[in-house]
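**Student:** A single structure is presented below for examination.
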Amino acid sequence: MGDFNAIMHAGNKSGGDTSWPQYQDDFKNCITQFELLQAPYTGLKYSWHNGQHGSQTIQKKLDWPLSPPLGNFYYVSGNPMYQLTTKLRRLKIDLKMFHRQNTSNIIGRVGNAKAKWDATQLDLDRNPASETAKTIKRTSAMQYQQLFKDEESYFKQKSRVQWLHLGDRNTSFFHKSLLHRQVRNRTHSLQDDKELGRMTSSYFENLLCAPHLPVTEELNPIFPNTITEASAVAALLPITDDDIQAVLFSIPDTKAPGPDGYNALFFKKSWDVIKYDFIAAIKYFFSNNSLPRCVNATRVALVPKQEHPVCLNDFRPISCCNVLDKCIAKLLVIQLKAALVDVIGPS
């Protein structure tokens, strides 16, 4: 097809004829017709130089990295489970950048906003009739209140206090709860601290990983199949979209996230955008019995059972699972609930 050798607007050219030929509009019309977007790029502004010097120098931006709209730009090929996890992994890069630019150092930003608000109040006190001072004071107050809410939310999640609600000026309480929790859970030393990593791994492998025992047919008469046909049929009923949504929204918003870093609140707030990928991923598991390791991965936290723990037996391992894994586990429990009464005795 060739190329346009055209620019988007006058700012994409330096030197030479400054008139705007009609063919330049063809390039812009092509981009509009195909709904193309300029992709992020790095490098020089002008990608073409005519090789001349002085007043004869002409430079243009002729290289344009264009892509389809955002939905296609982030298109991922593969099964639904892979598509969802890959998109979440890509999104995390943008979220980290957004956090660094907008929400990091929340304590310092709240302090700066409070100081700015105080300054505007003093200015208004000196100039009570100034409409400009009133507007600046009102704007700074709104900024401070929003940052204060963000700080309260931050400390609530860190403190793990679930029974208090946001918006009641509980930032100080959440902060103190966080400090108390950190002091209570801090481990100063453990007995046999040599090769501590190997010791910890070995201890919980023996605790959580049962040895492989062969199953022989001789046990079949002792443990007959007690699941009724009705229970078996109920356990095989297809999972619906409403089932998946109900299970997701039953998970507390700020429960500790898994290795992917996303808690349930993220999926709830973005449900209108993410629901199709999320539902497709879970249905893929139930139709293919395939669970990637990245979904099944957990972060194990060692929570002290008592004050002043001294050995690994004094810790309780708590698995922090990804939300997708939690939903699958809850749906499995719902499906198997009807059959559990047939295989588990009352005692």
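**Student:** Could you count how many residues in region 303-317 are of a type in the set (A, V, I, L, M, F, W, C), assigned to a strand (DSSP E or B) and in contact (Cβ under 8 Å) with a residue 60 or more places away in the chain?
**Tutor:** 1
Residues checked against (1) surrounded by 12 or more Cβ atoms within 10 Å (Cβ to Cβ); (2) at pLDDT 75 or above:
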residue	(1), (2)
ASN105	no, no
GLY111	yes, yes
LYS116	yes, yes
ALA129	no, yes
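**Student:** Are any of the residues in region 280-300 of a type in the set (Ser, Thr, Tyr), within 30 Å of ALA339 (Cα to Cα) and free of Cβ contacts under 8 Å to residues at least 40 places away in the same chain?
**Tutor:** yes
**Student:** Can you pull out every residue in region 295-316 that is surrounded by 15 or more Cβ atoms within 10 Å (Cβ to Cβ) and over 28 Å from TYR284 (Cβ atoms)?
**Tutor:** The answer is LEU302, PRO309, LEU312, ASP314, PHE315.
**Student:** Which one of the conditions (1) surrounded by 12 or more Cβ atoms within 10 Å (Cβ to Cβ); (2) within 30 Å of LEU91 (Cβ to Cβ); (3) more than 15 Å from the chain's Cα centre (by Cα) does VAL323 fail to meet, given that it meets all the rest?
**Tutor:** Answer for VAL323: the failing condition is (3).
**Student:** Sticking with this one: Report yes if some residue within region 24-39 is of a type in the set (A, V, I, L, M, F, W, C), modelled with pLDDT of 75 or more, in a helix (DSSP H, G or I) and closer than 24 Å to LYS275 by Cβ; otherwise report no.
**Tutor:** Within region 24-39, none of the residues are of a type in the set (A, V, I, L, M, F, W, C), modelled with pLDDT of 75 or more, in a helix (DSSP H, G or I) and closer than 24 Å to LYS275 by Cβ.
**Student:** Just checking: which of the helices (runs of 4 or more DSSP H) contained wholly in region 173-284 hold 3 or more residues that are surrounded by fewer than 12 Cβ atoms within 10 Å (Cβ to Cβ) and at pLDDT below 90?
**Tutor:** The qualifying helices (runs of 4 or more DSSP H) are 196-208, 229-235.
**Student:** Let me ask another. Select from region 44-67 the residues that are among the hydroxyl-bearing types (Ser, Thr, Tyr) and closer than 16 Å to MET8 by Cβ and list them in ascending order.
**Tutor:** Matches in region 44-67: TYR46, SER47, SER67.
**Student:** Could you figure out which of (1) free of Cβ contacts under 8 Å to residues at least 60 places away in the same chain; (2) assigned to a helix (DSSP H, G or I); (3) among the basic types (Lys, Arg) isn't true of LYS330?
**Tutor:** Result: LYS330 passes all but (1).
The values are calculated or read from the model by the stated rules, or taken from the named source; none is laboratory data. Since the model is a prediction, treat every value here as computed from it, not as a measurement. Note that each Cβ is placed from the backbone with ideal geometry, even for glycine, and that neighbours are counted across all protein chains shown.
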